[in-house]
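Single-structure report; data block below.
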Amino acid sequence: MTNDGTAKDQQLANFRVKADEGKLTTDQGIRVDDTDNSLRVGERGPSLLQDFHLREKITHFDHERIPERVVHARGAGAYGYFEPYDDSLSQVTKARFLTTPGLRTPVFVRFSTVAGSRGSADTVRDVRGFATKFYTEEGNFDLVGNNMPVFFIQDGIKFPDFVHAVKPEPHNEIPQAASAHDSLWDFVQLQPETMHMMMWLMSDRAIPRSYRMMQGFGVHTFRFVDAGGRSTFVKFHWRPKLGIHSLVWDETQKVAGQDPDYNRRDLWEAIAHGDFPEWELGVQLVPEEDEHKFDFDLLDSTKIIPEEVVPLKPVGRMVLDRNPNNFFAETEQVAFHLANVVPGIDVTNDPLLQARLFSYLDTQLIRLGGPNFHQIPVNRPVAPIANHHRDGYHQMFIHQGEAAHHPNTMLGGCPALATDGSAYSFYPQQVDGKVIRKRAESFNDHYSQATLFWNSMSVWEKKHIIAAFRFELGKVTRKNIREGVVRNLAHVDHHLAVAVAEGIGVAPPQKAEETHKNSSPALSQATDPVQSVATRKIAILAADGVNASDVIRVTEALGGQGALCEVLAAHDGAVQGSGGEPVEVAKALTTTGSVLYDAVYVPGGEESISTLAEDGDAVHFITEAYKHGKAVAASGAAALSLLERAEVPTSGEGVVTGEATDARFTDAFTKAVAAHRHFDRDSERVPA
Ligand code: HDE
């Protein structure tokens, strides 16, 4: 069988149903000519039970909902493909999809937030799920990861406690999709193993600008197994081609109101416009014999292997190029499972991973209502299925034959055992020990890597982390919880603990604990950021009298490099350019806001500028964009006065002004937008 990236598409095509043709029917195919009036006795009489159309329509509607995922309820998905760069991984794994150059394996990826319900906002402070189903020719492989490389707990038995703590509190189901409440932080203060992950969660990683601009991690240490049966430990990483970029906290709060579907929409629109997001798959490889060479345990999911210690080997790329046709059928019904592995990939004894091996199948049974969920189109492998599993709710296959047992003679012994070497075989790890309930001593250090993370942050990243701790703990009502967290933070970094304590009104730690000075530059979003304007959204503020030539030049210069420029004005339709020509308006200012754009440009034209200066929405737009560190550009002398009115300095980092929209101007603006944000501004004093 070939698997050229379209195999899954061809399979799905058999299940797609067109909505724009045919006559209206019941589920039994009986044609219907009135779906607005129920069958009744006389025009004003009671409805009749015999109205099969009424009954069927209402019954189906009554049963439309299925339970949302207990975690990761809100998500967005897309199809695409993965292809390895070369065959170099064949030295460590026999997985064909990773080692066959040119082989495009179809994938479905679902991104998600963790704590919120299905209808919660996208831009909350949270971990993001990054789950990939590879439809390989050897069966499905699911890499069910997150956008942070570590986790809150070391042993899966703590997962229900952790999730109960972070979810809305049980008595009143408040707060929705937020970690800033007593029960989460109570758990944190009592479980110091959470500290490393809490550093990530309080960092800007928890508020990504886009799903397309975040990393993904398999988190656990997995195993590769080569053709000779040799095992190598492996950590999986996804790196986004567009770089790793985040929103700022104040912005996320406002986006949650203006566009709660912000991340979901961004992914959908990018794919719909042909801006296909791309990630590079990298692996960190550790030979089996080096298992104990680290000062942490490879089986402890609260630890990373610093990239400076074991470098990342790039092995392939993934492109997402197709939106699903139907959210429920595909994105909601997709069922990931960590235990879906293919020959060449195996699990380890990580106690968090081991519990997950149970949980994912179990949860699908209740969520999707029975054991046949693998037959749902999005979940079907492209590899053939043949076994003696039968019956169950929603059985879609019509199994032929008079027997369903193994061994058999009645079916000629079929399906035959795959004894030709193509079967999955578990790595024959030697295991010996007493049955005990105890955590290994090597899992005991909860602070060193939290400190490593902190030490690796730039000045602005540290500022954002302190602000996040202050916000979250500021929402905690119990003083003992605030104090407990500060006590833990003191083991991470003295300066951090003091800064947080001062913000939340608890006594700062008196003396500094001994902490190390090591850092890992790869952890910082400020290290070698990808500088690109591709898919960046640029607002152009205009009113009648705007210099149309400025609008055209900036749109051409930045649009030419993939940016999306939109003219915003007080009203929809068009404004009149200074030469009388119409300038088309993309959106009315009242329907959007600066938080939905990456940069703002004010073209010249005195009349336009003076109208904008009187428009509070326009002035606020500029001020707020500046506060959030975005590039601000303005042309002509009059525009400078508008910047002043918006309390934006007319020069400085990320502020571009000039008389003409010449190449110097557009180059400077391009550079400012490509830098993503300008955090060295004194933005705290900006009122917005
Ligand atoms: Fe999950 N997790 N998880 N998780 N997880 C689920 O499975 C669970 C963990 C992750 O888009 C559930 O189908 C346990 C780590 C993602 O459909 C459930 C433990 C990581 C998704 C479940 C963990 C993840 C889930 C809920 C601790 C990163 C969304 C619905 C032992 C490596 C997948 C579902 C999607 C979903 C259990 C910890 C990632 C209940 C018990 C660590 C991305 O089975």
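Does any residue of segment 656-671 turn out to be more than 21 Å from G560 (Cβ to Cβ) and touching a strand residue (DSSP E or B) at 6+ places or on another chain (Cβ under 7 Å)?
Checked segment 656-671: at least one residue is more than 21 Å from G560 (Cβ to Cβ) and touching a strand residue (DSSP E or B) at 6+ places or on another chain (Cβ under 7 Å).
Okay, residues lined up against (1) touching a Leu at 6+ places or on another chain (Cβ under 8 Å); (2) surrounded by fewer than 19 Cβ atoms within 10 Å (Cβ to Cβ); (3) in the same structural domain as V248 (by TED's automatic domain parsing); (4) part of a loop (DSSP other than H, G, I, E, B):
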site	(1), (2), (3), (4)
D126	yes, no, yes, yes
G129	no, no, yes, no
F134	yes, no, yes, no
N140	no, no, yes, no
V144	yes, no, yes, no
I153	yes, no, yes, yes
I157	no, yes, yes, no
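Just the residues that are of a type outside the set (A, V, I, L, M) and closer than 18 Å to E606 by Cα, please, taken from segment 554-586. Show your work before the answer.
As a first pass, look at segment 554-586 and keep what is of a type outside the set (A, V, I, L, M): 555-556, 559-562, 565-566, 571-573, 576-582, 584.
Q576, G577, S578, G579, G580, E581, P582, listed by residue number.
So which residues in segment 216-243 are more than 30 Å from D528 (Cα to Cα) and not in a strand (DSSP E or B), if there are any at all?
D226, A227, G228, G229, R230
Within segment 98-108, is there a residue that is in a helix (DSSP H, G or I) and assigned by TED's automatic domain parsing to the domain that holds L267?
Yes, the conditions are met somewhere in segment 98-108.
Take the conditions of a type in the set (A, V, I, L, M, F, W, C), part of a loop (DSSP other than H, G, I, E, B) and touching a strand residue (DSSP E or B) at 6+ places or on another chain (Cβ under 9 Å) and apply them to A73. Does it pass?
It is true that A73 is of a type in the set (A, V, I, L, M, F, W, C), part of a loop (DSSP other than H, G, I, E, B) and touching a strand residue (DSSP E or B) at 6+ places or on another chain (Cβ under 9 Å).
How many of the residues in segment 556-582 are closer than 26 Å to D275 by Cα and either of a type outside the set (A, V, I, L, M) or outside any loop (DSSP other than H, G, I, E, B) (or both)?
12
Hey, any hits in segment 132-139 for a residue that's more than 16 Å from the ligand (Cβ to nearest atom), closer than 28 Å to E288 by Cβ, free of Cβ contacts under 8 Å to residues at least 24 places away in the same chain and not basic (K, R)?
No, there is no match, as no residue in segment 132-139 is more than 16 Å from the ligand (Cβ to nearest atom), closer than 28 Å to E288 by Cβ, free of Cβ contacts under 8 Å to residues at least 24 places away in the same chain and not basic (K, R).
Determine, yes or no, whether V334 is in contact (Cβ under 8 Å) with a residue 12 or more places away in the chain, within 12 Å of the ligand (Cβ to nearest atom) and assigned to a loop (DSSP other than H, G, I, E, B).
Working: in contact (Cβ under 8 Å) with a residue 12 or more places away in the chain: yes; within 12 Å of the ligand (Cβ to nearest atom): yes; assigned to a loop (DSSP other than H, G, I, E, B): yes.
Yes, satisfied.
Give me the pairs, please: first residue somewhere in segment 13-33 and surrounded by 10 or more Cβ atoms within 10 Å (Cβ to Cβ), second residue anywhere and of a type in the set (K, R) and part of a loop (DSSP other than H, G, I, E, B), beta-carbon distance under 7 Å, and either six or more positions apart or on two chains.
No pair meets every condition.
E83 versus (1) in contact with a Lys or Arg (Cβ under 7 Å, 6 or more places away or on another chain); (2) over 30 Å from L338 (Cβ atoms); (3) not aliphatic (A, V, I, L, M): which is the lone unmet condition?
So the condition that E83 fails would be (2).
I'd like to check something: does segment 10-33 contain any residue that is out of contact with any Leu (no Cβ under 9 Å at 6 or more places or on another chain) and within 16 Å of the ligand (Cβ to nearest atom)?
No, that holds for no residue.
From Y393, Y427, which residue is assigned to a loop (DSSP other than H, G, I, E, B), more than 16 Å from the ligand (Cβ to nearest atom) and closer than 27 Å to Q11 by Cα?
Y393
Hey, can you tell me all the residues within segment 449-484 that are closer than 28 Å to I174 by Cα, of a type in the set (V, I, T) and part of a helix (DSSP H, G or I)?
Answer for segment 449-484, where residues must be closer than 28 Å to I174 by Cα, of a type in the set (V, I, T) and part of a helix (DSSP H, G or I): I465, I466, I481.
Cβ-Cβ below 9 Å, separation at least six or inter-chain, first residue in segment 96-117 and under 28 Å from R265 (Cβ atoms), second among the aliphatic types (A, V, I, L, M) and at pLDDT below 95: which pairs?
Hits for this filter: T105/A7; P106/A7.
Within segment 307-323, restricting attention to residues that are outside any strand (DSSP E or B) and of a type in the set (A, V, I, L, M), which residue is nearest to the chain's Cα centre (by Cα)?
Of everything passing the filter in segment 307-323, L312 is nearest to the chain's Cα centre (by Cα).
So A177 fits all but one of (1) at negative phi; (2) within 16 Å of the ligand (Cβ to nearest atom); (3) in contact (Cβ under 8 Å) with a residue 40 or more places away in the chain; what number is the exception?
In the conditions (1) at negative phi; (2) within 16 Å of the ligand (Cβ to nearest atom); (3) in contact (Cβ under 8 Å) with a residue 40 or more places away in the chain, A177 misses (1) alone.
Among the residues of segment 620-665 satisfying the criterion of being among the hydroxyl-bearing types (S, T, Y) and touching a Ser or Thr at 6+ places or on another chain (Cβ under 6 Å), which is nearest to K254 (Cα to Cα)?
T650
Need a quick list: helices (runs of 4 or more DSSP H) entirely within segment 593-688 having at least 2 residues that are hydroxyl-bearing (S, T, Y) and modelled with pLDDT of 95 or more.
606-613, 616-627, 663-674
Sort through E684, E606, E584 and tell me the only one that's out of contact with any Phe, Trp or Tyr (no Cβ under 7 Å at 6 or more places or on another chain) and touching a residue at least 24 places away in the same chain (Cβ under 8 Å).
E606
Kindly list, by first and then second residue, each pair from a residue in segment 54-67 that is outside the structural domain of Q364 (by TED's automatic domain parsing) and over 27 Å from Q364 (Cα atoms) to a residue that is at pLDDT 95 or above and not polar (S, T, N, Q), limited to pairs with Cβ atoms under 8 Å and residues at least 6 apart or on different chains.
Every condition considered, the pairs that remain are L54/L39; R55/L49.
I need a count of the residues in segment 571-588 that are farther than 21 Å from F669 by Cβ and in contact with a helix residue (DSSP H, G or I) (Cβ under 6 Å, 6 or more places away or on another chain).
Counting residues in segment 571-588 that are farther than 21 Å from F669 by Cβ and in contact with a helix residue (DSSP H, G or I) (Cβ under 6 Å, 6 or more places away or on another chain) gives 1.
Taking segment 97-124 only, how many residues are surrounded by fewer than 23 Cβ atoms within 10 Å (Cβ to Cβ), within 26 Å of T232 (Cβ to Cβ) and out of contact with any Leu (no Cβ under 7 Å at 6 or more places or on another chain)?
Total meeting the criteria: 5.
Against the definition (near the ligand (Cβ under 10 Å from one of its atoms), assigned by TED's automatic domain parsing to the domain that holds F222 and touching a strand residue (DSSP E or B) at 6+ places or on another chain (Cβ under 8 Å)), how does A95 come out, yes or no?
Considered against the rule, which asks whether it is near the ligand (Cβ under 10 Å from one of its atoms), assigned by TED's automatic domain parsing to the domain that holds F222 and touching a strand residue (DSSP E or B) at 6+ places or on another chain (Cβ under 8 Å), A95 comes out as no.
Tally the residues that are of a type in the set (V, I, T) and more than 8 Å from the ligand (Cβ to nearest atom), restricting the search to segment 140-156.
So in segment 140-156, the residues of a type in the set (V, I, T) come out as 144, 150, 153.
Imposing the further condition that a residue be more than 8 Å from the ligand (Cβ to nearest atom) reduces the set to 150.
Looking only at that region, the number is 1.
Please determine whether any residue of segment 462-482 is under 30 Å from A618 (Cα atoms), out of contact with any strand residue (DSSP E or B) (no Cβ under 9 Å at 6 or more places or on another chain) and buried (at least 20 other Cβ atoms within 10 Å of the Cβ). Spell out how you get there, then give the answer.
Filtering segment 462-482 for residues under 30 Å from A618 (Cα atoms) gives 463-464, 467-468, 471.
The next check asks that each one be out of contact with any strand residue (DSSP E or B) (no Cβ under 9 Å at 6 or more places or on another chain); those that pass are 463, 467-468, 471.
Remaining after also requiring buried (at least 20 other Cβ atoms within 10 Å of the Cβ): 468.
Yes.
Have a look at P324, P343 and point out the one that is of a type outside the set (V, I, T), more than 11 Å from the ligand (Cβ to nearest atom) and closer than 25 Å to P277 by Cβ.
From the options P324, P343, the qualifying one is P324.
The values are calculated or read from the model by the stated rules, or taken from the named source; none is laboratory data. Since the model is a prediction, treat every value here as computed from it, not as a measurement. Cβ sites come from the backbone with ideal geometry, for glycine too, and all protein chains shown count toward neighbours.
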